[in-house]
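What follows is a set of notes on a single structure, which appears directly below.
Rule-based calculations on the coordinates, nothing more; no lab input. Small disclaimer: the values here were computed from a predicted structure and weren't measured. In this analysis, Cβ positions are derived from the backbone assuming ideal geometry, glycine residues included, and neighbour counts consider all displayed protein chains.
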Amino acid sequence: MTKRRIDQRRTGRTTGTIRETNLLRRVGVREQRHTVLAVTNGRSTERAYLEALRQEPWLEHRLVVAVENGSPIDAVRGAARRRDDNDFDQAYVVCDVDHYAPAEPEREAQRHDVALLWSNPCFEVWLILHLDGCTRHLENAEKAKDLLRRYVRNWDKTRLDFDDFRDGLDAAVKRARNLGDPPDANPSTAVWQLVLALR
């Protein structure tokens with residue numbers, strides 16, 4: 001018997017000059033990926049970030065991004081409707097605290113079994129955390145944007161470039177988890193929960 005046939009009988013593999021094939025492997029077995037819905041009421045920054053995140057090769061689950069105009073309650077109701085109509089496995093809503101009182105949107109999210117991911121005061125806190133720590137109180141969204149401009153020259157919320165943030169994603173998750181809980185803590189963000197759900 002040739003060495004090649006002996007190797008094949010012992011290991012289940014054949015070797016040649018071009019490639020190696022494992023004849024003992026299980027074929028046709030693949031876990032089905034979950035489909036995660038992420039809804040935001042932010043038309044530019046949040047949407048652009050989530051759309052870019054959707055393209056990342058490390059995602060273990062399929063991400064679908066949608067925008068619901070209006071308040072956080074509108075976004076929660078829209079996410080619940082879309083989830084139920086399209087059979088998504090999970091639904092997340094990404095919203096800024098801004099001037100909204102969070103109690104009623106949180107009750108609505110619980111009622112509809114939707115994860116409501118606040119950022120206080122705004123989504124830009126999540127972006128800042130990709131680049132550096134942020135623990136000081138931010139009075140409003142403008143203050144957060146001013147801080148973000150220190151790290152991203154010519155920051156324009158309508159032209160988000162995911163390349164500015166990609167390398168800091170793991171750091172952002174870690175930093176966000178070390179902040180207080182949104183929506184009460186300022187600064188704070190829960191967007192890291194969506195990132196972990198996608199892994």
Inter-part distance where region 46-107 and region 118-185 are each reduced to a Cα centre, Å: 18 Å
Listed residues PRO105, LEU116, LEU127: farthest to the positive end of the dipole of region 77-128 (Cβ charges): PRO105
Using the Kirkwood radius over C-alpha pairs as Rh, can you work out the diffusion coefficient of region 35-198 via Stokes-Einstein at 20 °C, viscosity 1.002 mPa s, in µm² per second? 137 µm²/s
From fewest to most C-beta neighbours within 10 Å, the residues THR158, THR35 line up as THR158, THR35
